[in-house]
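Enquirer: Mind looking over this structure? Questions follow.
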Amino acid sequence: MYYPLSGLTISPAPVDFEDIDDGIPVVLVENPTFDPMKSLQEYIIITYSHAFGLPPVIFTEFLWVIFLFLTTGALTGLLARDPFSFKPNSRTMKLYNEIVENPGITATELAKITETSRGTTTHHINKLETAGKVRKVARKGMTCLYAGACSEDESIEFMQRLITREKPHKIFTAIAEAPGISQTELIEKTSISQSTLQWHLSQLARYNAVDTYREKNFIHYTILPEYLKIYQSLTSTNENNVE
């Protein structure tokens, strides 16, 4: 048995010990050196255990339960929070923005554009992929990077804005009517300047509304099926409201 205040540890004597008085033989096992922190800890436990009317052992177990409860709550909170809590000016976000503006870009191209080492680029790409903000697609022996999928509510809200604006609506329908169309062909078909077209295409890529692939120096665009369904649903609803 350990006696906190005295610092003594008492245990039963060996089996072969014979006591002439038939009492309970004991042997002093340990008398440790004085430890201020340990003594303070023991003093606090004993003081509060008396205050709550609990034995020191039970009070100590109670403290452990509280500690485990608080630790579990803290870990749950960390795991439940948004994993994509990167600072706007961080290197991760800069790489993410480049992926959004250049859908289908490879890690090598991304490292070159941002002047970042390949190892650092790969590290941040993995962080973005874990956060669900970037997806990897294998094309012609290369791994291409695209912005990750948005939630259904975000997709619907984006499409509601798109169909009310002339230029993005025109670009969307042009791609929907000619899957695989290139930027050059889009400029000819929509009569929209290249800079304006690229900005609207970056928005479509940001919301993961288009699938793209590179062929030599050209990027080709195709509207993803889920966005076609949302577009058809919204336009049919608007037509019914007009009628």
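The values are calculated or read from the model by the stated rules, or taken from the named source; none is laboratory data. Not measured: the values here are computed from a predicted model. A quick note on method: Cβ atoms are made from the backbone with ideal geometry, for glycine too, and the neighbour counts reach across all protein chains shown. Note: accessible area is taken over every heavy atom of the protein model, side chains too, but ligands, DNA and RNA are not part of it. Shrake-Rupley method; radii C 1.70, N 1.55, O 1.52, S 1.80 Å.
Enquirer: Take the Cα radius of gyration of the range 82-200 and divide it by 2.2 N^0.38 Å, with N its residue count; two decimals is plenty.
Expert: Relative to the rule-of-thumb radius for its length, the range 82-200 sits at 1.18.
Enquirer: For the range 183-243, take every pair of Cα atoms, bin their distances at 10 Å starting from 0, and report each bin as a whole percent.
Expert: So the P(r) values, bin by bin, are 19, 41, 29, 9, 1.
Enquirer: Follow-up. On a full-extension model of 0.36 nm per residue, what is the gain between Leu234 and Ala131, subtracting their alpha-carbon distance, rounded to one decimal in nm?
Expert: 34.1 nm
Enquirer: Please compute the volume of the convex hull spanned by the alpha-carbon atoms of the range 133-217 and report it per residue in Å³.
Expert: In the range 133-217, the Cα hull volume divided by residue count equals 98 Å³.
Enquirer: Right, next: Hey, got a sec? Which trypsin sites (Lys or Arg not before Pro) in the range 85-165 land in a DSSP loop and have at most 15 other Cβ atoms within 10 Å?
Expert: In loop regions of the range 85-165 (DSSP not H, G, I, E or B), the sparsely surrounded trypsin sites (Lys or Arg not before Pro) are Lys140, Arg165.
Enquirer: Going Cα to Cα from Lys133, which lysines come in below 25 Å? Please leave out same-chain ones fewer than 8 positions away.
Expert: Leaving aside lysines fewer than 8 places away in the same chain, those within reach of Lys133 are Lys87, Lys94, Lys112, Lys229.
Enquirer: How large is the accessible surface per residue of the range 158-242, computed with a 1.4 Å probe and reported in Å² as a whole number?
Expert: 56
Enquirer: Right, another one. Please give, to one decimal in nm, the separation of the simple spin-label points placed at Lys112 and Glu157, each 7 Å out from Cα toward the Cβ.
Expert: Simple spin-label model gives 3.7 nm for this pair.
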